[in-house]
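Here is the structure we will look at, set down as C-alpha cells.
The values are calculated or read from the model by the stated rules, or taken from the named source; none is laboratory data. Please read these numbers as outputs of a predicted model, since none were measured by experiment. Glycine gets a Cβ as well: all are built from the backbone with ideal geometry, and neighbour counts include every protein chain shown. Please note that ligands, DNA and RNA were not included when accessible areas were found on the heavy atoms of the full protein model with its side chains. Shrake-Rupley method; radii C 1.70, N 1.55, O 1.52, S 1.80 Å.
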Amino acid sequence: MRFRIQIVALSVCVLAILADARQSRAIDFYEIQIYDTDTEPVGHLMLELHSNTTTTATGESAKSQMDVHQIHETLEATYGVLRWVEIGQYFATAKLSNGDYEYAGSRTKIHFGIPQTFEWPVQFGGNIEFDYMRRAAEENPLNLELRPIIGGTYKKFRLVANLALEKPFSGPTTHRGVQFEPSGELVYDLHRWVSPAIEYYADMGAIQPLEKVQDQQHFIVPTLNFHFLPQLELNLGVGIGVTRASNGIFLKSIVGWEF
C-alpha cells in the first residue's frame, strides 16, 4: 500500500513538472516593437517612450501570463554611430497590479542593417540585445536575444519579419534552451501623414520541443503610424490574442522624437 502511494505521488509530481514545462513565457510587454533594416542617421539621437498595458485576459492560462492592468513604461534612447549601425539603451519601469510603480531593469542593444542588401528587393539586418532586468519584474532576468531581420517593399507595401531567438541565462526556463519569438508587420503607405499596418507578435516557447499552438502566445495587432512631423514617431495599436495562452487584449503606443 505504501509503495502504491509513493508511485501515485511520484506520478503526480512528474505530471506537474511536465505541465509546467509546457507553459510559454509571455511576450515582452516592456517593448512591443518591430525592427526594420534601417537605422538612425549618424550623429542623431532618437528618444522613444513605449507604453503597453493588458486590458483583458480570459482563462487561467492567459491571466497567468498577461499581467492584467499592469502598465509597462520603457524609455529607449538610440544613437546612430555608423550609416548602418545604431546602439541603444532601455530603461524599463512598470506600474504593478497593486498600484506600486517600480524600476524593472535595463537593456542594451546593437541594431544594424547589412548595406550590401540595401539595393536588393529584400533587405537584411539584425539586432543583438542583452537584458539585465530585476528578478522582481522578470522571471528570467538575464537574457541574450539575437534577432535576424528581413524586409521587402512592393509598391506601397512594406513587409518585415523579425525572427527573434532568445537564450535566458538565469531563471526557471534557463534549462529549456533557446526560445523562439517571431514577429512581423505589413505596412501600407496610405498617405504622407499616416501608414496603417498589421503587426504580429508571438512567443512559441522553447524550440525543442516546440509547444502546442494553444500553449503558445500569438497576437494580431492592427496599428496606425502617424507622420505629422519629420522628427516625430507615433505608433498606436491594439493587440488581440488568438490562442488560449493569449486570450486577451492589450494596448500599445510608441512616441518618439529625433534630435
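Matching residues to (1) open to solvent by less than 60 Å² (accessible area, probe 1.4 Å); (2) at pLDDT below 95; (3) part of a strand (DSSP E or B); (4) touching a Phe, Trp or Tyr at 6+ places or on another chain (Cβ under 7 Å):
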position: 9; (1), (2), (3), (4): yes, yes, no, no
position: 15; (1), (2), (3), (4): no, yes, no, no
position: 30; (1), (2), (3), (4): yes, yes, no, no
position: 39; (1), (2), (3), (4): yes, no, no, yes
position: 87; (1), (2), (3), (4): no, no, yes, yes
position: 90; (1), (2), (3), (4): yes, no, yes, no
position: 104; (1), (2), (3), (4): yes, yes, yes, yes
When region 165-174 is examined, which residues are found to be touching a residue at least 24 places away in the same chain (Cβ under 8 Å), part of a strand (DSSP E or B) and either among the acidic types (Asp, Glu) or surrounded by 17 or more Cβ atoms within 10 Å (Cβ to Cβ) (or both)? 168
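For (1) open to solvent by 20 Å² or more (accessible area, probe 1.4 Å); (2) assigned to a strand (DSSP E or B), each residue gets a yes or a no:
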position: 98; (1), (2): yes, no
position: 109; (1), (2): no, yes
position: 120; (1), (2): yes, no
position: 124; (1), (2): yes, yes
position: 129; (1), (2): no, yes
position: 139; (1), (2): yes, no
position: 144; (1), (2): yes, yes
position: 150; (1), (2): yes, yes
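In region 178-210, what residues are in a loop (DSSP other than H, G, I, E, B), open to solvent by 20 Å² or more (accessible area, probe 1.4 Å) and of a type outside the set (Val, Ile, Thr)?
From region 178-210, those in a loop (DSSP other than H, G, I, E, B) are 178, 189-190, 192-193, 204-205, 207-210; that's our starting set.
Still in the list and also open to solvent by 20 Å² or more (accessible area, probe 1.4 Å): 178, 189-190, 192-193, 204, 207-210.
Within region 178-210, 189, 190, 192, 193, 204, 208, 209, 210 meet the criteria.
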Residue count, region 216-242 (criterion: open to solvent by less than 60 Å² (accessible area, probe 1.4 Å), within 17 Å of the chain's Cα centre (by Cα) and either under 17 Å from residue 60 (Cα atoms) or of a type in the set (Asp, Glu) (or both)): 4
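Take residue 135 and decide whether it is of a type in the set (D, E, K, R) and over 19 Å from residue 179 (Cβ atoms). I'd like the intermediate steps shown before the answer.
Numbers: of a type in the set (D, E, K, R): yes; over 19 Å from residue 179 (Cβ atoms): no.
So residue 135 fails the test.
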A careful count of residues in region 69-85 that are under 19 Å from the mean Cα position of the chain (by Cα) and not in a loop (DSSP other than H, G, I, E, B) gives 8
